[in-house]
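The structure appears right after this line, and notes come after that.
We did not get these values from a lab; they are worked out from the coordinates using the rules stated. Note that the coordinates shown come from a computational prediction; the quantities given were computed from them, not determined experimentally. Every residue, glycine among them, receives a Cβ derived from its backbone with ideal geometry; neighbour counts consider all protein chains shown.
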Amino acid sequence: MVLATVATDLHQLGNALAADLIGWGAAVLGIALTASAVIWVLRLIRA
């Protein structure tokens with residue numbers, strides 16, 4: 001009974017971490033895309 005509870009807790013923790021990693025990955029990707037767009041616009045302005 002205790003092992004089943006621990007396994008369930010670990011499974012829920014794993015799901016939470018996976019969702020957190022996906023969120024952080026999306027945020028990093030968004031920041032990178034924004035930065036590249038800003039650099040691209042600055043190049044257009046200076047050209």
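Worth pointing out:
- VAL2 vs. criteria surrounded by 10 or more Cβ atoms within 10 Å (Cβ to Cβ) and of a type outside the set (Asp, Glu): no
- Among the residues of segment 20-42, none qualifies, meaning not one is assigned to a helix (DSSP H, G or I), surrounded by fewer than 10 Cβ atoms within 10 Å (Cβ to Cβ) and more than 26 Å from the chain's Cα centre (by Cα).
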